[in-house]
Amino acid sequence: MKILNIRMILRVMSMLLLIEAFFILLSGGISWLMGDGDWIWFLFSAGITVIFSALGMLVTRSARRDLGKREGYLIVSTVWLFFSLFGGLPYYLSGAIPSVTDVFFETMSGFTTTGSTILNDIESLSHGMLLWRSITQWIGGMGIIVLSLSILPMLGVEGMQLFLAEVPGPTKDKLHAKVSYTGRVLWGIYTVLTLIESLCLWVGGMDYFDAICHALTTMASGGFSTKNASIAAFESPVIEYIIMVFMFLSGINFALYFRLLTGQFGKFFRDEEFRHYCRILMILILLVGIGLYFTQREAMTIPEVIRNSMFNVIALVTTTGYATVEYMEWSPFVWTSIMIAMLFSACAGSTSGGIKTARLVLLFKNSVYEFKRLIHPNAVLPVQFNGHVISPQIVNSIVAFIALYVSIIVISILVFTFNGMSFDLAFGTAVSAIGNIGPTVGGIGATTSYAGLTDFAKCYMAVLMLIGRLEIFTVLIIFTPAFWKK
């Protein structure tokens, strides 16, 4: 095995920091245009980021232009840490978030599109800070590394190793032979959908600034809002339905949108994961809706029952995490159904976090086939997905992934309860963090911030967010002895 190309890793990281500096400057420009006084802190933050980026580029100018799988995993795992550290500078330098721990939590929550916050008064932030919060989620939504694929060819680097590390789900769909082209297509689709949602929200009654911020965080499946009460602050069914539509769209595999653009409509609607994603949503919406009808019918009209059940289920399954109500005030049956929704997820290749529908479907199919194999031990019963036979290696990796996922949740519950949390809050926090969902159940719920947690709990949550966003293996593999052997 070749020695790790550390110099090239640093060079790529330095290039990525330039991208972050650009978006920090963009937020500062908006802050200046809106008359906010903290534009200077964005300028300082961008300057510091550019200086470190330039130094990295300078000392690695003679680096070997090759990247292997190990380098790819290291870049993907560590770039989120670097982005969070530099991305927290505007919060810290301006005093908007004075605690280093809170800054790291908020920024990691943004870049991992988790949507958890330590801010009790979001509306006190300047326009620049609110936009920067939204941009961190928008960047993280499609993935920092995919964004960089159009830049890597300039460095003479083949980007596929980074693409494989960033999108480790079971249904990777290589759209084109050139990964840089794939990156541009995905970001193009992502940007167009964001612009369309911005326009729809503006027409629906939001002002242009709120419309842009919420479009950025909806398409990222992030959930950061410009309002303390999240989407409930707008008191508009029209806005809620618009956001519902785009939350649903953000949970679809973006490769399917490429198929639509190339006229392959059948592949879109016949996709097995997409169909199961729709079925799961319908079942959970029906479950929550029935619970609300029988327990809240005196407080809600039928249209409100339908809208509340649809919005909150879609928000949780897609891991967007917006809130229109405090569902912990509902009956135990309803918020237990909400907890079940938190365990599901949208499609692989989407901006959503969590286990992903494809993995759950394949796990279920394999479990059913195990019963058949017991009855017919000599029969060959391969697991199929979208008409293709799935190799035992992929099935084994899915079983391992879900086993690790559940194990980490169990360990995290123990850690959180040892730190003083109640069981329901510890469970909800663990599932929310590793699934990049944002809201939880228990004492915090859907509309309360995480400010009251200890610094240890916040740091542990931030680690869970990173592990969950990069789908466990990508992060944990760098802690194995075999990874570092020459």
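How do 211-219, 370-378, 277-285 rank on mean C-beta neighbours within 10 Å, highest first?
Answer by packing, highest mean first, reads 211-219, 277-285, 370-378.
Can you show me the helix-derived [θ] at 222 nm for the chain, built from DSSP H runs with n ≥ 4 at -39,500 (n - 2.57) apiece and divided by the number of residues, rounded to the nearest 500.
Here the helix-only value at 222 nm equals -21000 deg cm²/dmol.
Compute the label zone of H276 within the stretch 355-388: residues whose backbone N is under 13 Å from the point 7 Å along Cα-to-Cβ.
355-369, 383-388
Rounding to the nearest 20 debye, state how big the charge dipole of the chain is about its Cα centre with +1 on each Lys and Arg Cβ and -1 on each Asp and Glu Cβ.
It comes to approximately 2340 debye.
Which FRET efficiency, nearest 0.05, do V59 and A403 yield, Cβ-Cβ r, R0 60 Å?
Here the calculated transfer efficiency is 0.90.
What ranking, highest mean first, results for peptides 400-413, 194-207, 111-124 when packing means the other Cβ atoms within 10 Å averaged over each residue?
Details: 400-413: 15.5, 194-207: 17.6, 111-124: 21.2.
Put in order of decreasing packing, that is 111-124, 194-207, 400-413.
With each label point set 7 Å from Cα along the Cα-Cβ vector, what nm distance links T262 and I51?
4.7
Between (1) 0.96; (2) 0.98; (3) 1.07, which entry matches Rg/Rh (Cα atoms, Kirkwood Rh) as derived from the coordinates of this structure?
(1)
Let me know the Rg and Dmax you get for the stretch 1-87 when you use only its Cα atoms, in Å.
In order Rg, Dmax, the Cα atoms of the stretch 1-87 give 15.3, 55 Å.
Between E235 and A379, what length comes free when the chain is fully extended (0.36 nm per residue of separation minus the Cα-Cα distance, one decimal in nm)?
That works out to 46.0 nm of additional length.
At 0.36 nm per residue, minus the direct Cα-Cα distance, what do F456 and I196 gain on full extension? Give it in nm, one decimal, please.
Working: separation 260, 0.36 × 260 = 93.60 nm, distance 4.04 nm.
Stretched out fully, the F456 to I196 stretch lengthens by 89.6 nm.
With unit charges on the beta carbon (Lys/Arg positive, Asp/Glu negative), name the residue among F418, I394, L249 whose Cα is farthest towards the positive pole of the charge dipole of the chain.
Most positive-ward Cα: I394.
For F385, what residues show an amide H to amide H distance below 5 Å, using hydrogens built from the backbone and excluding near sequence neighbours?
It is I390, by chain and number.
Find which of L186, N120, V325 sits farthest along the positive direction of the dipole of the chain, computed with +1 on the beta-carbon of Lys and Arg, -1 on that of Asp and Glu, about the Cα centre.
L186
Sorted by average packing, counted as other Cβ atoms within 10 angstrom per residue and highest first, what order do 286-298, 130-142, 14-26, 222-234 take?
Ranking the peptides 286-298, 130-142, 14-26, 222-234 by packing returns 130-142, 222-234, 14-26, 286-298.
Between the stretch 192-246 and the stretch 396-434, what's the alpha-carbon centroid distance in Å?
If we compute the Cα centre of each part, the gap is 31 Å.
At a Förster distance of 51 Å, what's the computed FRET efficiency of E123 paired with K372, Cβ-Cβ distance as r, to 0.05? Intermediate values should be presented prior to the final figure.
Numbers: r = 57 Å, r/R0 = 1.11.
FRET efficiency, E123 to K372: 0.35.
Kindly state, to the nearest 0.05, the FRET efficiency for F294 paired with D66, given R0 = 56 Å and r defined as their beta-carbon distance. Can you show the working numbers first?
Details: r = 62 Å, r/R0 = 1.11.
E between F294 and D66, to the nearest 0.05, is 0.35.
What is the extension gain from S99 to K485, computed as 0.36 nm multiplied by their sequence separation minus the C-alpha to C-alpha distance, in nm to one decimal?
On the way: separation 386, 0.36 × 386 = 138.96 nm, distance 3.83 nm.
Using 0.36 nm per residue and subtracting the Cα-Cα distance, I get 135.1 nm.
Which of rounded, prolate or oblate describes the stretch 375-486 when judged by the alpha-carbon gyration tensor and an a/c cut-off of 1.5?
Note, shape of the stretch 375-486 comes out prolate.
None of the figures in this text is laboratory data; all of them are computed from the coordinates on show. These numbers were taken from a predicted model, which means no experiment stands behind them. Using ideal geometry, Cβ is built from the backbone for each residue, glycine included, and neighbour counts are taken over all protein chains shown.
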